[in-house]
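Below: one structure, written as structure tokens.
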Amino acid sequence: MTTSNTTEPRPFDRSTVDVAPAPRPRLVHIGLGAFHRAHQLWYTQHSEDDAAHPQWGYASFSGRSADLAHALESQDGLYTLVERGPDSDEYEVISALVEARPAENVSRLWELLAARSTAVLTITVTEAAYNLGEGLAFDPAQSPVAADLEALTAAFADGAFDLAAVGVPATMAGKVVVGLAERRRQDAGGLAVVSCDNLSANDVAAHNAVQGLAAAVDPSLGAWVEDNVSFVATSIDRITPRSEDSVLEDVARETGYADRVPVVTEPFRSWVLQGEFPAGRPDWEKAGAEFVDDIEPFERRKLWLLNGSHSLMAYAGQLRGHATVADAIGDPVCRAWVDEFWDEASQHLTTPGLDVPGYREALLDRFSNPRIAHHLAQIAMDGSTKLQMRAVPVLKAERAAGRPGTAAARAIAAWIAYLDGRTEVSDARSKLVLEANTKPANERIRALIAVLDAELAQQEDVVDQVEELISSLK
């Protein structure tokens, strides 16, 4: 949909826009945000056999803020997806979102999760929101988990929750467990839970968070979840930066509609999935999704090549005065560091079908897109968790192969150099990071490496290597 328009933009909802009738909600999502609207909703809309009579609608619940849900609700769930290429934009109205709800509306969430017509729950809540311990283990000692465990145990009796006594659970898992308990009570059968977070083994993370809490509340509920709920592994890929205010004007000018919450994304997209769907699913493969028997190599390719180089540029790029990915990859020094990191990671991405050279070439095109303002400061958030998955495995794999892993160590060094002197960080483990960051100079580097990996922190040559790299970065 691209029609240049200079008149006053028209209201934007299902009464003014020519879209297909809203299907009933058969998919539920937790973590309504830009990525969900650029990814799962796009794939769902493009999976329909008959676009004029869609069969799969999404009911999506916001994360921390209700503002987006309210804005989308006022537009009947419609929004404009702007695919921003290097030279031009493409505009498309997405209508697969049929309900946009604030996170606090748990009664509607539980009603939907208990409905037999609901087949899939997808999740994008960021890594930290799973509230797991070491090795992705269920951790009842974490304060939000402990609070939910106490409240849900008190409200659970005779095989079901007293919903009036539950309140709003503190965690994503807490909300899901109540909904699944209602599903069991209503004998609605199984469904699939699909984590779409940038987290290695995200199916294990979702399983351990949800099934672990369910079993802790009541063993029989935990057993029902184990037997009836599938946890699907995914690898997702589509750069979706924070939209600038000017996008509203662009959309109004080009489409003629006053969309309050458009989304900007790159033309590239990828979705790889592994797992079962006991209650069915959309034909996402018609939109280009891949279903595989072993997702781990695809996870590693994405986490190391895309996300790993993102983290490297997030810290090294900012140290060199850059603000966006496009700026950083255009710097010959940063570009060389990215190539070196990719060379190391590629040594351990040898599964047939990955096409690592092609993937790297595509990444360079994507990173160089000057019209996608992917801000390094945004990527830099939650560095301690991200680097554990993106840089540490590459460094360990290189050292196990008898090589120094300099490029992977440089990503860790850039993070440590970036933190130097900071008294505030945007990190889910900020207390731990800041405690290490304020140690005396001769202890600080080792302490921060230990935040990422205790084993590496005990290796003197690694600490020395990182210290040397910090000096070269500065």
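The values are calculated or read from the model by the stated rules, or taken from the named source; none is laboratory data. These figures come from a predicted structure and were not determined experimentally. No Cβ is skipped: glycine too gets one built from the backbone with ideal geometry, and neighbour counts run over all protein chains shown. Side chains included, ligands, DNA and RNA excluded: accessible areas come from the protein's heavy atoms. Shrake-Rupley method; radii C 1.70, N 1.55, O 1.52, S 1.80 Å.
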query: How far apart, in nm, are two points set 7 Å out from the Cα along the Cα-to-Cβ line at E290 and at A223?
result: 4.0 nm
message: Report the per residue volume, in Å³, of the convex hull enclosing the C-alpha atoms of segment 221-271.
response: 156 Å³
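List the relative contact order of segment 311-417 as a percent without decimals, with contacts defined as Cα pairs under 8 Å and 6+ residues apart.
Values: 104 pairs, mean separation 46.3, N = 107.
Worked out over segment 311-417, it gives 43 percent.
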- prompt: Given 0.36 nm per residue, what is the gain on full extension from D139 to A323 after removing their alpha carbon distance, in nm?
  reply: 62.5 nm
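Just how large is the dipole of the chain about the Cα centre, in debye to the nearest 20, putting +1 at every Lys and Arg Cβ and -1 at every Asp and Glu Cβ? Write down the numbers at each step before the final one.
On the way: 42 positive and 70 negative charges, 94 e Å.
Taking the Cα centre of the chain as origin, the dipole is about 460 debye.
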- prompt: Over the alpha carbons of the chain, what is the largest minus smallest coordinate on each principal axis, giving the biggest first in Å?
  reply: 62, 60, 44
- line: Of the residues Y359, P404, L419, the Cα lying farthest along the dipole of segment 335-455 towards its positive end, which is defined by charges on the beta carbon of Lys, Arg, Asp and Glu, belongs to L419
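Regarding segment 204-348, what is the average projected area of its C-alpha convex hull, in nm²? Don't skip to the answer; put the middle values down first.
Numbers: hull surface 54.1 nm².
In nm², the orientation-averaged hull projection of segment 204-348 is 13.5.
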- prompt: If r is the Cβ-Cβ distance from T350 to M381 and R0 is 25 Å, what FRET efficiency results, to the nearest 0.05?
  reply: 0.20
statement: Sorting V98, L78, L213 by the position of each Cα along the dipole of the chain (Lys, Arg +1; Asp, Glu -1; all at Cβ), the one nearest the positive end of that ordering is L213
- request: Pop out the carbon and sulfur fraction of the accessible area of the chain as a percent, whole number, probe 1.4 Å.
  value: 48 percent
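Relative contact order (percent) for the chain, with alpha-carbon contacts under 8 angstrom and 6 or more residues of separation?
Values: 896 pairs, mean separation 69.3, N = 474.
Worked out over the chain, it gives 15 percent.
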message: Over the Cα atoms of segment 136-237, each weighted equally, I'd like the Debye log10 I(q)/I(0) at q = 0.10, 0.17 Å⁻¹, rounded to two decimals.
response: -0.25, -0.72
field: Count, lysine Cα pairs under 20 Å in the chain, 8 or more residues apart or across chains
entry: 6
- request: Return the loop-located trypsin sites (Lys or Arg not before Pro) in segment 1-101 (DSSP other than H, G, I, E, B) with at most 15 other Cβ atoms within 10 Å of their own Cβ; answer none if there are none.
  value: R64
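On average, how much accessible surface per residue is there in the chain, in Å², for a 1.4 Å probe, leaving out ligands, DNA and RNA? Let's see the in-between values first.
Values: 19090 Å² over 474 residues.
Accessible area per residue: 40 Å².
Would you work out the charge dipole size for segment 141-278 about its Cα centre, treating the Cβ of every Lys and Arg as +1 and the Cβ of every Asp and Glu as -1, and quote it to the nearest 20 debye? Walk me through the numbers before you get to the answer.
Numbers: 9 positive and 20 negative charges, 12 e Å.
Here segment 141-278 has a charge dipole of around 60 debye.
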query: What's the center-to-center distance, using Cα atoms, between segment 380-428 and segment 175-204 in Å?
result: 32 Å
